[in-house]
Amino acid sequence: MINIILLGPPGAGKGTQAKLLEEKLGLKQLSSGDMLRAAVSRGTAVGQKAKSYMDAGKLVPNQVVVDVVFESIDALSSSNGIILDGFPRTVEQAEALDKKLAEKNARIDGVIVIKVRDEKLVERIAGRYTCAKCGEGYHDSFKKPTTADGSCDKCGSQDFKRRDDDRPEKVKERLNAYHKQTVPLIDYYEKRGKVAVIDGELSIEDVSHKMDEVLASFEGAESSVTGG
Ligand SMILES: [Zn+2]
């Protein structure tokens, strides 16, 4: 049993790495967005509360988010551990999580921070665009259409679109918000000796390899790997 938190800015590849860990180690990824959607569709009291805020276009309050996450943790059937993604976001949530896990004789074994320089993230995110007709994804630097006239590889359309949220200014705004939010959180876990930083600018395979090393270094990792 190993419980970890995955921290990283948008575009750092958290989702990809979480998926690899699920496959390799049988961990269960719990992302805040998925948990909220699942709670809403389960229709529990907590889920209905969350829904009322989401329907009104409001931010779901701290305590409701905490309740949704804890309900999801309680609803887990057997798993070799969890990967939290997008939660906790604040020190208050981290403290509540520690308390909750202690009640279950469990704990956060480690926090993995996937680090990517802001300018790299802007390049990764702002370079994305999709075919307006078939939805095929492209990138200015990493995946241009291979056709001579630049039309879509899949459907031949010349019509492409970019998400407003992916504009460089918007990406920088999101990154600033991320840094502001996570500095105290990283500090909280660093004081408890639980933080490992991974260079997210490496290839997906290399990042994955580093993740394995870091997981093995977390206390309790050994028993969960050999015992599971
Ligand atoms: Zn297309």
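Among residues of the range 16-58 being among the polar types (S, T, N, Q) and in a helix (DSSP H, G or I), the one that is modelled with the lowest pLDDT is SER32.
Checked against (1) modelled with pLDDT under 95; (2) touching a Phe, Trp or Tyr at 6+ places or on another chain (Cβ under 9 Å); (3) under 22 Å from GLY8 (Cβ atoms), PRO61 passes all but a single condition, namely (3). Filtering the range 82-101 to residues that are over 22 Å from PRO9 (Cα atoms) and in contact (Cβ under 8 Å) with a residue 24 or more places away in the chain leaves ALA96, LYS100, LEU101. Please indicate, with yes or no, whether at least one residue in the range 95-115 is over 27 Å from PRO61 (Cα atoms) and of a type in the set (Lys, Arg). Yes. Figure legend. Inter-residue proximity from the range 149-175: first residues within 16 Å of ARG128 (Cα to Cα) and of a type in the set (A, V, I, L, M), second residues part of a loop (DSSP other than H, G, I, E, B) and away from the ligand (no atom under 16 Å from the Cβ), beta-carbon distance below 8 Å, spacing 6+ or different chains. Indicated pairs: VAL171/PRO10; VAL171/GLY11. Only one of GLY135, GLY150 is within 16 Å of the ligand (Cβ to nearest atom), under 23 Å from LYS14 (Cα atoms) and not in a strand (DSSP E or B); which? Being within 16 Å of the ligand (Cβ to nearest atom), under 23 Å from LYS14 (Cα atoms) and not in a strand (DSSP E or B) holds for just one of GLY135, GLY150, which is GLY135. Of the residues making up the range 65-79, just one is buried (at least 18 other Cβ atoms within 10 Å of the Cβ) and either among the small types (Gly, Ala, Ser) or not in a helix (DSSP H, G or I) (or both), namely SER72. So if I check each of LYS104, LYS58, LYS28, LYS49, which one is without any contact (Cβ under 8 Å) to a residue 60 or more places away in the chain, open to solvent by 40 Å² or more (accessible area, probe 1.4 Å), more than 28 Å from ILE198 (Cα to Cα) and in contact with an Asp or Glu (Cβ under 8 Å, 6 or more places away or on another chain)? Result of the check over LYS104, LYS58, LYS28, LYS49: LYS49.
The values are calculated or read from the model by the stated rules, or taken from the named source; none is laboratory data. Not measured: the values here are computed from a predicted model. No Cβ is skipped: glycine too gets one built from the backbone with ideal geometry, and neighbour counts run over all protein chains shown. Remember, those area values only see protein heavy atoms, side chains included, never the ligands or the DNA or RNA. Shrake-Rupley method; radii C 1.70, N 1.55, O 1.52, S 1.80 Å.
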